[in-house]
1. When N counts the residues of region 138-189, how does its alpha-carbon radius of gyration compare numerically with 2.2 N^0.38 Å, as a ratio?
2. Going by C-beta contacts inside 10 Å, put 45, 167 in order with the fewest on the left.
3. Sticking with the crude label model, points 7 Å out along Cα→Cβ, report the distance from residue 33 to residue 84 in nm, one decimal please.
4. Using alpha carbon coordinates only, what is the Rg to Rh ratio of region 28-152, with Rh defined as the Kirkwood radius?
5. Can you list the HN-Hα couplings for region 178-183, worked out from phi with the Karplus curve (6.51, -1.76, 1.60; θ = phi - 60°), rounded to whole Hz and with x for Gly and Pro?
6. Please list, in order, the residues from region 168-196 whose amide nitrogen is less than 16 Å from a point placed 7 Å along the Cα→Cβ vector of residue 51.
7. Under a crude label model (7 Å from the Cα following the beta-carbon direction), how far is residue 196 from residue 93 in nanometres?
8. Roughly how many whole Å is it from the C-alpha centroid of region 122-166 to that of region 59-106?
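Each value in this text was obtained by applying a stated rule to the coordinates, not by laboratory testing. Everything quoted here is computed from the prediction, not taken from an experiment. Neighbour counts run over all protein chains shown; Cβ positions are idealised from the backbone, glycine included.
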Amino acid sequence: MEGPRLMFGWFKRSGQKPEVYEGEGIFLKCPDCDNYHRSPDIPSFDAAIRLACETVGATTQKSYSEYNCLSSDGRWDMLPEEGIFCFTNSDGRRCFADFSLVGSWIEATHSWMWGWNLPDTHITPANRKASDLARAKGEAEGWPCLTTPSLLLNADEAWHLTDLAAFLAGYPMVYRAKVNEKAWAYFAIDQLAWET
Ligand SMILES: [Zn+2]
């Protein structure tokens with residue numbers, strides 16, 4: 001009978017308690033009910049994250065030390081028009097690379113927004129590569145964490161997603177920077193080179 005089946009579907013959805021995010025794992029914003037639900041366990045996704053974190057983690061450390069990116073008296077800049085990321089060392093030496101804005105994350109609310117869903121005022125075509133590739137990979141593999149625009153996650157998970165996006169883009173380095181009172185921007189950065 002059609003009736004009871006429909007009824008059951010309706011009943012199940014409205015009876016679903018919104019889950020509270022307690023700072024672990026990834027929650028997906030549901031397009032049906034606007035609540036956040038825990039992301040499903042997908043071993044192939046976890047494996048892809050692990051591989052990306054191992055690979056990009058190692059090359060990131062190498063880039064950081066080679067280009068002195070973590071020194072407290074250095075500075076970072078974006079030249080969004082050109083799609084260029086720039087580090088300025090304390091001695092004035094600069095290095096450059098292409099970059100992607102992978103996502104933005106608000107610490108207080110744990111809210112992640114994928115770069116591919118950010119408005120044109122925040123992201124240019126030159127800086128979409130890594131997040132667009134992540135979304136396409138998510139569509140191909142059925143990995144909802146890469147295809148849902150708004151997520152709840154902690155700082156570790158933000159790095160994980162950024163590592164994966166960088167890995168897919170072939171970018172060796174990830175970086176994050178505080179862009180205002182509340183929000184961090186997570187970047188995937190191509191091979192840096194010293195200014196000549
Ligand atoms: Zn829902």
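1. On the way: Rg = 11.8 Å, N = 52, 2.2 N^0.38 = 9.9 Å.
Rounded to two decimals, the normalised Rg is 1.20.
2. Numbers: 45 21, 167 25.
Least crowded to most crowded, the residues run 45, 167.
3. A separation of 5.0 nm, rounded to one decimal place.
4. Details: Rg = 16.8 Å, Rh = 16.6 Å.
For region 28-152, the value is 1.02.
5. 6, 9, 7, 3, 9, 9
6. The answer is 168-171.
7. My value for the distance between the label points is 1.6 nm.
8. 20 Å
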